[in-house]
Structure formats: structure tokens, C-alpha cells
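This report refers to the structure that appears directly beneath it.
The values are calculated or read from the model by the stated rules, or taken from the named source; none is laboratory data. In this text, all values refer to a predicted model and were calculated from it rather than measured experimentally. So basically every Cβ, Gly included, is an ideal-geometry build from the backbone, and we count neighbours across all protein chains shown.
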Amino acid sequence: MATIATSQPSAPAPSAGETSKPLIALRGVAKTYASQRHGALRALDPVDLDLADGDFVCVVGPSGCGKSTMLRLLAGLDVPTEGRIWLGDKIINGPSADVGVVFQAANLLPWMNVRDNIALPLRVGGRQSVPEARIDTLLEMTGLSEFAGRYPYELSGGMQQRAGICRALARDPRILLMDEPFGALDALTRERMNSELQRLWLEARKTVLLITHSISEAIFLADKVVVMSPRPGRILECLDVPIPRPRSYDTLVTHPVYAGLAREIRARLTQAEARA
Amino acid sequence: MSSIAAPVNSASQRSRSVPTAVITLGGLVALIALWQFAVTGLHLPPYILPAPLAVLRALWSGIAVAPSSPLGWYLPLWSTLRNATFGFVIGSGFGLAAGSGMAESAVIERLLMPYAFALQCLPKVAIAPLIVIWFGFGDGSKVAVAALLAFFPVMINSFTGLRAIEPERLDLMKALSATRLETYRLVKLPNAAPFIFAGLDMAVVYALLGTIVAEFLGAQQGMGVVITQAEAVTDVAGVFAALIILGALGMALHALVRLAEKRVVHWSDRGQNQGGRA
């Protein structure tokens, strides 16, 4: 904590005077993991990033580029070694009810049925009663109503991740962090999940930061695609995706800007990898 | 693929399961035949090896009596079962508590682990005479030895199971600002349940062993007393019959634990696609 307090005189709070004040602002955020065997491991070089309220941002980058580190810092699971993360006018230094996390491969608890998994955020952290209506709404929204009593092992990967998204939304957070949520799914299921996520996002207008390996997934979902370099992670480029919504995979690839965007992201990634 | 795999699978299951029963039964018949042959063919005296029929008669003579009869199996069996069960519950309870404490606190782990291993390396039945001196010839010493033997497998399995938690599951609870107790109760304990049940499975058999050993050393009642009394009058058929009863009791207790495990840990093995790290 002391390092944060003394570091970064160049990391002021996002100025209140700006017209579009970001919901989340990363200022010079870096992370070094202390490792006994390998010494210090620099996972993330100083990063600056703004997320406006309601933004859908996708982060693409090679494996081990610090994407997940960045997400862990935003989720309050880790503390940055340098810099600050602002959520509104507060500094994130621990988990917050304003942030929901969707984990890789759903990460449901196998001993709880779907309903109990989704209700988990409403049962823990000093909460007393579970608002059943809230869970019903979430189940309905994601088409899981009939599966409320099933256990995760009885569900397909896509349905498991639907439940994972419901769980992340249970506390009605303003921000949704998704760590390669559909990476374990087959291509078709993944496209269907992308469409559903877009629908959910258009309805609920959360601020989303989604990490992915897939360039097409990033372009399909994002307002803004952030391209990162291999470890230690840096932001190489931020690209806007000016494709109107709702988007569809049928028309996405034929959209005039799609090919150019995909080529640019790919070029950035291969350049960075060649240099690494 | 699946349409081909399914019938092959069930066929192979059938071809395996039927012979298993036949082999088991055949083995039993062969064993009894060999036994009978050893007795009649080799002219072994009944105080070395009684005939199968004599053992069966001894077994039946203890069954075909009133439950309250001092000649029946029921009273000593009940005494042994009761003490073993108390010992199992107490030993497992302390085992789970100690294992949890060690898993949750590095200080407790460093404090207890050396002694726990020292205890495990010590042949614990050697402590039994001491326990009989401390707790007397009544039920107390039986329960205490049973608890002592049941303690270790549950402790070490709880500890291992609670530590074997996937980091993603801890991240989930951390992201939800769950308290330590909530994380333990809702995530770590169920996650460790398969390990704990493996410990309980061992513990229930050890508790029975502990009770019998304590009964050998001195008791008013119990299956251990039945065995020592039969031995004293070289009623070897009676000893065999008591061993058969104890074997059946051990298997029944083991089956009970497995049944409880299936009820509680119904999601195990099938839930393994969960929480994988990509």
C-alpha cells in the first residue's frame, strides 16, 4: 500500500471537469508478482485506460500478456504494485459489489444447483435474505428457468456459462468483468453466446470489460478493442468499432470496416509477438 | 461415435460384471471345499481348524436365541457397535476440527503437524494398555481407543482436502467479499468432502479395530470378550463365528459410510469439468 501512496505523482484523479468522466480510469497501473523461484515477475507494465459508463471493451492479446492480471486488479483480487485504478472518484483496492466477475469455464460450484450458484453473491458478504424474485428474473433473462434445480454437471458448457453470467449479475453491479468467458466453448455455441451477451448488454447497459483470444469475438462485441503486447503487458492500441448494433455474425464479416479492423488487430498482435 | 460407444460399453460391462459374481461365489465354494478337505483329509483336530459345519453351528447357536440372552451375539455385538460408533464420531469430530484448524492456520499447522505425524508413526494400539489404565475396564476405554484410531485418517484427509481447493473457487469467494467462515462452509468444506469421506471410510474400520483391541485388554462385554472367552476354552469354532460376525459388521459400517458419501457427494467425479484453468 505504501508504494501506491508514494508513487505516481503523474497519476491524478480523472479530472472532474471533463464532460464525459470515465467510470473506470487506470492510471499508470502496473503489477509485479514476487516469485520465490524466478525473482520478480513483471506481469503488467504501466497501463492507462478509460472505460466510460456503458462501454463494452474487449481486450485481446497473446497468452500471458497480463490481460488476466489487469482483470484481477479491476476485480480487486490483486492490488497493483504501481498506479491507481479509479472507480468513479474512489480507488479500487479490494472487491466491490459494483463489480461482477465472470470466470473462465464458468467456475460454478458443483455441489450447488443452478439457482443456489446464482444466489451465492446474495448469500455471502454480510447479506441476510436472498431476493428470490431477482434470481427468477436472471434465470428468465438467460433462458435457464427450467434448469434452476439442475446441477452444473448436468448442463452444457454454454448453459454453465449462462449461469456464470447470472451469478455475476446477481448483485446488479455497474461493471462486468469477463475473463475469456467463452474460451472453452465450441465455435457455434460461442457465437450464440456472443449474440446473447450483446442482447443482455443492450438491455442492461453494464460497463463490460471482456478478455478474449478471438479477434472476431472482440470485434463483434466491443465498442473499443484494446490490443495488448506479450509479457510484460502494455496497451499497444485502442481501436473503436464503428459497427451499428445489434450486430449479427451473418452480416459482421461483410461490414466494410470489419476486414480492416481484423487485419489491423492481427498485424498488431503478430508484430508484438515477433518482437517478443 | 456415441451410438457405437454405448452398446460396446454396456456389453463390456455385462461381460465383466456377471463373471465377477460367479468368480466371487466360486471362490467361496472352493475355499469352503478346501477347508473341509483340510479338516477331513489332513485330520486336523478341531482346536486347530474346526469344520465349516461346526463354525456354522456356533454361528447359528448365537443367532437363534432371544436378543437379551447372554449366550447370543446380540448383547456383545451391540456393546462393541455402540462403543465403536461413539469412538468413530468423537475421533472423526476431533479429526475434522484439527484438520480444519491446520488447513486454515499456518500457526496451527506448524504446531500440530509434527505431533500428528509422530502419533501416526507410533503403533497406536501400543497406547491401548495405557488408555485402559486411565479410563478403566468399562466403555470409556473402548470409546477412547476407537476415537484415537479414528482420529488420524480423518484429520489428515480433511487437511489435504481443504488445502486441495482450486484457486478459482477462492477467487470467486474473494470477489464476493465472503467472510472466512462463509468460504469455509460454502466452498472449502464441500470441496473437501470426497477426501473427508475417504478418511471416514478408514476411520470407521479403525474404530472397530480399536474397540476390539481395548476389549481384549479387559472388558465386561463386547465381541472382544466373546473371542477371548472362546479362546480360553479352545472353542475355535466359536472364535471363527465371532470373526465372521465382526467381518460382516465391518463391511456393513463401510457400506454405510459409502452410502452416506454417495448421498452427500453426489456431484463428485461428474463435476470435474468445473473450475478448470484454461
If a residue counts only when it is more than 14 Å from chain A (Cβ to nearest Cβ), within 20 Å of B:Arg82 (Cα to Cα) and without any contact (Cβ under 8 Å) to a residue 40 or more places away in the chain, which helices (runs of 4 or more DSSP H) contained entirely in the stretch B:101-187 have at least 1 such residues? B:128-135, B:139-163
Identity of the residue in the stretch A:110-155, in contact (Cβ under 8 Å) with a residue 24 or more places away in the chain and of a type in the set (Val, Ile, Thr), that ends up farthest from B:Leu186 (Cα to Cα): A:Thr142
When B:Gly95 is evaluated against the numbered criteria (1) closer than 28 Å to B:Leu181 by Cβ; (2) in contact with a helix residue (DSSP H, G or I) (Cβ under 6 Å, 6 or more places away or on another chain); (3) at pLDDT below 95; (4) not β-branched (Val, Ile, Thr), which criterion, by number, is the only one it fails? (3)
I'd like to know if the stretch A:74-87 contains one or more residues that are within 14 Å of the chain's Cα centre (by Cα), closer than 19 Å to A:Ala218 by Cβ, buried (at least 23 other Cβ atoms within 10 Å of the Cβ) and modelled with pLDDT under 90. no
Within the stretch B:130-185, which residues are under 30 Å from B:Met223 (Cα atoms), of a type in the set (Phe, Trp, Tyr) and surrounded by 18 or more Cβ atoms within 10 Å (Cβ to Cβ)? B:Phe151, B:Phe152
Only one of (1) touching a Cys at 6+ places or on another chain (Cβ under 6 Å); (2) facing chain B (nearest Cβ under 8 Å) fails for A:Ala75. Which number is that? (1)
Taking the stretch A:194-209 and keeping only residues that are touching a Leu at 6+ places or on another chain (Cβ under 6 Å) and either within 16 Å of A:Glu237 (Cα to Cα) or surrounded by fewer than 19 Cβ atoms within 10 Å (Cβ to Cβ) (or both), one is left with A:Leu209
Cβ-Cβ below 7 Å, separation at least six or inter-chain, first residue in the stretch A:245-262 and without any contact (Cβ under 8 Å) to a residue 24 or more places away in the chain, second part of a loop (DSSP other than H, G, I, E, B): which pairs? A:His255/A:Ile243; A:Val257/A:Pro242; A:Val257/A:Ile243
Residue count, the stretch A:95-133, condition surrounded by fewer than 19 Cβ atoms within 10 Å (Cβ to Cβ), within 22 Å of A:Lys21 (Cα to Cα) and either within 8 Å of another protein chain (Cβ to nearest Cβ) or at pLDDT 95 or above (or both), comes to 1
Given (1) buried (at least 23 other Cβ atoms within 10 Å of the Cβ); (2) more than 14 Å from chain A (Cβ to nearest Cβ); (3) not in a helix (DSSP H, G or I), where does B:Ala203 come up short, assuming only one miss? (3)
Name every residue in the stretch B:218-238 that is in a helix (DSSP H, G or I) and either among the small types (Gly, Ala, Ser) or buried (at least 19 other Cβ atoms within 10 Å of the Cβ) (or both), in order of residue number. B:Met223, B:Gly224, B:Val225, B:Val226, B:Ile227, B:Ala230, B:Ala232, B:Val236, B:Ala237, B:Gly238
Residues of the stretch A:134-185 being among the polar types (S, T, N, Q), surrounded by fewer than 18 Cβ atoms within 10 Å (Cβ to Cβ) and outside any loop (DSSP other than H, G, I, E, B), which ones? A:Thr137, A:Ser145
